[in-house]
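So the structure is just underneath, and the comments pick up after that.
Where a number appears in this text, it was derived from the coordinates with a stated rule and is not lab data. Note that the coordinates shown come from a computational prediction; the quantities given were computed from them, not determined experimentally. Neighbour counts run over all protein chains shown; Cβ positions are idealised from the backbone, glycine included.
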Amino acid sequence: MVMMMMVMMMMVVVMMVVVMMVVMMMMMMMVVMVMMMVMMMVMMMMMMMVVMMMVMMMVMMMMMMMMMMMMMVVVVVVVVMMMVMVMVMVMVMVMMMMMMMMVCLCLYREDLHLQTLKAFVDLHEFSDLNLVQALRQFLWSFRLPGEAQKIDRMMETFATRYCDCNTEVFQSTDTCYILSFAIIMLNTSLHNPNVKDKTPLERFISMNRGINNGGDLPNELLTKLYDSIRNEPFKIPEDDGNDLTHTFFNPDREGWLLKLGGRVKTWKRRWFILTDNCLYYFEYTTDKEPRGIIPLENLCVREVVYARKPYCLELYNPNSRGQKIKACKTETDGRVVEGKHQSYMICAATAEERDTWIESIRC
């Protein structure tokens, strides 16, 4: 009995031990589970933190990309604006340079035109001509333009040239300039059929009082100029190109000389033109046709001494002495006749002018 009780007690003890062990195991399992749950929670939290960090990094990267894009846009805009500004500045500079070049070109062309005008006017020889004769020669050499500014410049250049050739006629070029315009207006007044009020001599003289540096020009001079215009208007060259004058536009030499007559031994002042190995002479510089033509073929020229004419030259044929030189002249009635000279005696105003003519003829 006792044994049974002891066995039972031992069994109870064993069972209690087993139960305690089971309880302990269960408690341990619970602890492990709790720890696992805690670890899982910690891991989840860590994962959430990692995800949040990744999200934040992505957001930051996106923000950085946006900032970079904005910076690139700003840079592009700035570059474009700078390029536009540079292009505008370049265009402005180019336009300014073009304007400056155009201004310089205009000034150069104007200066060139003035130089050309002066060179053209300097080709005219106005020595010993009165103002009307000089104007006839000048206005016959070209067609006067319609623009007032061009006419003004031409007349100013003409006045300067005339005063250079005739230094003692007027006190200043302004006098010649004003009187030249007055003569042109007088020509229009006297010979234009549309002008009813013809300018009389008294009004012409009155209009030109005080123009000679405050003084008056001689009435005899103004009367002579008035009568010349009244008796013969200015001639204007035609555009048909058939005028013989065009042949003499660029002569080798031209100028006033004295020529001794063939039958009547008198000296007459003639306008001589040397061109194409031929010598032409005119009564006036405005004449369309020459009064005489002297072909220079087979002729020689030399300096000669003639009574009371110190600066003479002679045209002669060394192979046909005593025979008439082959030449022709125009009579006053318009007939063309053969020349009657065995030699031509011509007189210049100075020794230098004579020598220049001799040299030009020999060339």
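Some points to look at:
- Amide H contacts under 5 Å for residue 341, placed H, 5+ residues apart: 325
- Folded to 0 to 90 degrees: helix 219-231 orientation relative to the chain principal axis, Cα: 80
- Every helix of 4 or more DSSP H residues in the chain counts as -39500 (n - 2.57), and over all residues that averages to -20000 deg cm²/dmol at 222 nm.
- Relative to its Kirkwood radius, the Cα radius of gyration of the stretch 92-237 gives an Rg/Rh of 1.08.
- Database remark: amide H of residue 306 closer than 5 angstrom to the amide H of 312 (H placed geometrically; neighbours at sequence offset of 5 or more, or on other chains; Pro and chain starts carry no H).
- Percentage relative contact order, the chain, counting C-alpha pairs under 8 Å, at least six apart: 9
- In range of the label at residue 331: residues from the stretch 277-295 whose backbone nitrogen is under 18 Å from the point 7 Å along Cα→Cβ: 290-293
- About the centre of its Cα atoms, the chain shows a dipole size close to 640 debye [charges on the beta carbon of Lys, Arg (+1) and Asp, Glu (-1) only; nearest 20 debye].
- Relative to the longest principal axis of the Cα atoms of the chain, the long axis of helix 131-140 lies at roughly 60 degrees.
- With 31 Å as the limit on Cα-Cα distance, the pairs of 150/196; 118/288; 268/326; 259/288; 235/309; 150/224 that go past it are 235/309.
- Given [x] 1.31; [y] 2.80; [z] 1.13, the label whose value is Cα Rg over 2.2 N^0.38 Å derived from this model: [y]
- Put a plus charge on the Cβ of each Lys and Arg, a minus charge on the Cβ of each Asp and Glu, and nothing anywhere else: the dipole of the stretch 26-180 about its Cα centre is then about 940 debye.
- Degrees, to the nearest 10: 173-191 long Cα axis against longest axis of the chain: 70
- Candidates 13, 195, 77, ranked by Gaussian network fluctuation over the chain, Cα under 10 Å, top entry: 13
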